[in-house]
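Peer 1: Got a structure here, written out as C-alpha cells. Questions coming.
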Amino acid sequence: MFTVLPEFCNFIIVVLLTGLIFCKQVFSGKPMASLWVIGYSTFLLVICSTTATGMTDADAKVWKRVLQIMITVIYIVAALGLIVRFK
C-alpha cells in the first residue's frame, strides 16, 4: 500500500512546516488573513480525518471531507448573499 507519510516524524514535520507557512499569513494583518485561518483549519481537518488510527479507506474519506467543505462554503456564500441583499 502506498503511503504519503510513512513515518510519524515526517508527518509532524509536514504539519509544523505547513503551520509556519500559514502562521505567517494569518498574523500578517492583511484583510485576507481570516481566509488563511480557514485554510489551515481545513488542512488540519482533512489530514487528521485521513490519518487517524483504524481507518482503511483514506482516499474516500478525503474526497468525502472535501465535498462536505465545498457544500459548507456554498451554503455560507449563499447565506451571506441573502443577508446582504435583504439588508
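Any read-out appearing in this document is the output of simple, stated calculations on the displayed coordinates, not a laboratory observation. Predicted model, so just to flag it, every value in this text is computed and none were measured. As a convention, Cβ positions derive from the backbone with ideal geometry for all residues, glycine included, and neighbour counts pool all protein chains shown.
Peer 1: Return the equivalent ellipsoid semi-axes of the stretch 8-85 as a descending list in whole Å, where each equals the square root of 5 times an eigenvalue of the C-alpha gyration tensor. Working shown, then result.
Peer 2: Details: eigenvalues 141, 88, 6 Å².
They are 27, 21, 6 Å, listed largest first.
Peer 1: Could you give the size of the charge dipole of the stretch 8-85 about its Cα centre, using +1 on the Cβ of each K and R and -1 on the Cβ of each D and E, expressed in debye and rounded to the nearest 20? Could the numbers behind the result be given before it?
Peer 2: Values: 6 positive and 2 negative charges, 50 e Å.
Using only the charged Cβ atoms, the result is roughly 240 debye.
Peer 1: Length gain on complete extension for the stretch K24 to F86, per 0.36 nm per residue less the alpha carbon to alpha carbon distance?
Peer 2: Difference between extended and current length: 18.7 nm.
Peer 1: In nm, to one decimal, how far is the modelled label at E7 from the one at A33, with both set 7 Å along Cα→Cβ?
Peer 2: Taking the two extended label points, one gets 3.6 nm.
Peer 1: Among I47, L80, G19, whose Cα lies farthest out toward the positive end of the dipole of the stretch 8-85, if unit charges sit on the beta carbon of Lys, Arg (+1) and Asp, Glu (-1)?
Peer 2: Farthest towards the positive pole: L80.
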